[in-house]
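Asker: Got a structure here, written out as structure tokens. Questions coming.
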Amino acid sequence: MSHSPTPHQPAALQWIACPSDKLHSDTWLAQARASGFHVVLTPWQQGANAVAAIAQWANRVRRQRLVAALTVPVDAIAALPLVELDACGPVLLVVTPVHTTDLVRWSDVRARLARTRCAKLRWTALGVPLCHLGDWRPDVALVPPRPRSQPPECATCGLRAQCAGPLSGQIVAPLPEPVSNQFDLTDGALNDALLTLDSTPPRHFTLQQPMSPLVAEALARGQVYLDQSDKARLDDFAADLALLLPDGGDRWHAADHQPFAAEEALLLGHLRTLSGVVVDVGAGPIRYVQELAAAQAAGTLRYVAVEPELAALERTVAVLPEALSLQGTGEHLPLVSQSADAVLMLRSFNHLRDVPQALQEVARVLKPGGVFLACDNVAFGLCRSPEQLARAHAIPVAETPFEHYRNADAPDAAAALLAAVPNGFALHTVQSVGLGTSNQWFLRATRL
Ligand SMILES: C[S@@+](CC[C@H](N)C(=O)[O-])C[C@H]1O[C@@H](n2cnc3c(N)ncnc32)[C@H](O)[C@@H]1O
């Protein structure tokens, strides 16, 4: 879940190379973090104590809330002690080419990358042209601090529009631009006035101007909420938010009904009908654990959590230890084809980097007749007190590495599903957001 938008949000992770004399300097790492870098790269060194030294270095880097990354020349990949490196994790392994690397060699490398499933290792590439990467998709995009232009030998290549060319420092297409799904509708001062009113409606506030198109859309859909929580990051809209209804002018009142009740009831009703292998993509903390745990205990349901963030995955293990918890993304589901009776994407759809690829993965792992359930939130406006605003804005962007990439509604998700897998799904429910609903949409489809 994202907090309010900030002008410094990066489109992808920025990296900085660590000079060998600074490898153990906390001051240097703190400066790197303060300069807006996210990833610190150091070369992979072979040798008897290399793994122990990397573990020590990676811990120091992580203490500064930076990502530890090792550059691995492509010719060294076959000899990499992946299992030992996994124990130092989480570590990002950055594939770099060598001048002699040819396309034939690259097909071996791609095969090894595709087979690699180490829980704490992520892969990416630097300076590798798309023609070498082929169909291998890095887990993270790195944006070079100083991109260079394409070399002349790429001038006639059909991929050059998306590729910065060999040894350019740029890799594949950058991540889509992250967007927020929450917008502060008032500034602190106005909100102060709002909250000094007594708690009975109506409340008065003036919307901030100019208004972005996303905010205007949120207003047109009636998606304006009062934050009634003491949280820096909202994580339970039903408990944290009260719907605000316009009375005209600057007067609003809080709705006396719980806006999320109907949409939650719809979702829960469908969750309770599930059985067999249920794959929860972007499981996070497994919000609906009660609905699933009873069936899992009764032996009618086998819950599989797939989640990219290790901390979130650890929480899923804690709340449902008998579940199968796998680190992975929707774009690369770590499951064999036709193994699932249901796939859930509960508020993770708008976090996906590559929607068509993830939906093709859903189609791949679902058995014929299997159920796909998705829900997510569209953009909405928030009224917050100065204290709530300060808490939200104090969260460093580097602490929210997985963000929303869109504010899709149910019809967008349905259209994406039909386009990604033509004739692959039957749509049963496409419930979108509008006046009178909460900001949560719902989609149900079955695999043909
Ligand atoms: C808003 S949380 C939703 C968690 C939970 N499903 C729920 O309904 O409360 C979004 C989750 O999607 C995960 N996520 C982010 N990018 C993802 C991706 N590419 N594939 C799968 N999950 C992703 C995040 O780590 C996070 O746990």
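Asker: Only counting other Cβ atoms within 10 Å, I'd like C118, C383, C18 sorted with the fewest neighbours first.
Answerer: C118, C18, C383
Asker: If each residue's Cβ is checked for other Cβ atoms within 10 Å, how do E361, E331 rank with the fewest at the top?
Answerer: Ordered by Cβ neighbours within 10 Å, fewest first: E331, E361.
Asker: Assuming R0 = 45 Å, what is the FRET efficiency of A50 and A394, from their Cβ-Cβ distance, to the nearest 0.05?
Answerer: So the FRET efficiency works out to roughly 0.75.
Asker: To continue, here is another question. Using θ = phi - 60° and the Karplus form 6.51 cos²θ - 1.76 cosθ + 1.60, what ³J(HN,Hα) does each residue of segment 424-433 get, whole Hz, x for Gly and Pro?
Answerer: x, 9, 9, 8, 10, 9, 10, 9, 9, 8
Asker: Which value in nm describes the separation of the simple spin-label points at A79 and N59, placed 7 Å from the Cα toward the beta carbon?
Answerer: Each label point lies 7 Å from its Cα, and together they span 2.8 nm.
Asker: Moving on. Using a 10 Å cut-off around each Cβ, can you sort I16, I395, I286 from fewest to most neighbouring Cβ atoms?
Answerer: Going from sparsest to densest Cβ surroundings: I395, I16, I286.
Every number here is computed from the coordinates shown, using simple stated rules; none is lab data. Small disclaimer: the values here were computed from a predicted structure and weren't measured. Neighbour counts are summed over all protein chains in view; Cβ atoms, including those assigned to glycine, are modelled from backbone coordinates with ideal geometry.
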